[in-house]
Amino acid sequence: MAQSLNTSVEYKTKAVSYLGIGGKVGHILLGDKALEFYNDKNVNDYIQIPWSAINHIGANVSGKKVSRHFEIFTDQGKFLFASGDSGKILKITRQHIGNDKVIKLPTLIQTFIAKLFPKAKKSE
């Protein structure tokens, strides 16, 4: 059994982790010290990310709707999650890591356009 980093849990919701091959269904726990994901089928399959280790977190926003998927960027890599409550997760995360670290990710179309038409570098 995994030892939780949190002493208290602020929010718990169902989520899917896309780390490795295929999605793993489980629960995301947002607490006072970390964001934690625990797999429903195997409790020893978990992800614990302390608030201090998060560089930034982001999701796609279209109008006023936040997409189900969100990414967490750390020094060790990025983690992709999906949850129906991703907007609430981002709001609670903002309280712990700060407003400047919660970002709006580019949409798929914006990514394609940026790759097709790269900005020219200015020579000095």
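Bear in mind that the values in this text are calculations on the coordinates, not laboratory data. None of the values given here were measured: they were computed from a predicted structure. We place every Cβ from the backbone using ideal geometry, glycine too, and count neighbours over all the protein chains shown.
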Practice task
Calculate how steeply helix 86-97 sits against the longest principal axis of the alpha-carbon atoms of the chain, using the helix alpha-carbon long axis, and give the answer as 0 to 90 degrees to the nearest 10.
Solution key: 90
Fill in the blank from the handout: Percent antiparallel among DSSP beta bridges confined to segment 9-116, nearest 5, equals 90
Completion exercise
To the nearest 20 debye, the chain has a Cα-centred charge dipole, built from +1 on Lys and Arg Cβ and -1 on Asp and Glu Cβ, of 580
Exercise for the section: Any aspartates and glutamates with Cα under 14 Å of the LYS14 Cα? List them, leaving off those in the same chain fewer than 8 positions away. Expected result: GLU36, ASP40, ASP85
Handout entry: Candidate lysines for bridging to LYS115, where Cα separation is under 24 Å - those fewer than 8 sequence places away on the same chain excluded
Key = LYS78, LYS104
Problem - Extension gain from ARG68 to LEU19, taking 0.36 nm per residue of separation minus the Cα-Cα distance - result: 16.0 nm
Handout entry: Label-point separation in nm, ASN99 to SER52, each point 7 Å along Cα→Cβ
Key = 2.5
Exercise for the section: Would you indicate which of (1) -0.56, -0.97, -1.07, -1.48; (2) -0.62, -0.94, -1.00, -1.29; (3) -0.79, -1.04, -1.12, -1.39 is the value of log10 I(q)/I(0) by the Debye sum over Cα atoms at q = 0.13, 0.18, 0.19, 0.23 Å⁻¹ derived from the coordinates of this structure? Expected result: (1)
Problem - R0 of 25 Å, Cβ-Cβ distance LYS91-PHE112: FRET efficiency to nearest 0.05 - result: 0.25
Exercise for the section: May I ask which residue of THR111, VAL43, ILE92 lies farthest towards the positive end of the charge dipole of segment 9-116, with charges of +1 (Lys, Arg) and -1 (Asp, Glu) on Cβ and the Cα centre as origin? Expected result: THR111
Problem - Where trypsin sites (Lys or Arg not before Pro) fall in DSSP loop in segment 1-91, at most 16 other Cβ within 10 Å - result: LYS33, LYS41, LYS64
Fill in the blank from the handout: Only helices counted: for the chain, with every DSSP H run of 4 or more residues adding -39500 (n - 2.57) and the sum spread over all residues, [θ] at 222 nm is -5000 deg cm²/dmol
Problem - Cα centroid of segment 22-36 to Cα centroid of segment 67-110, whole Å - result: 13
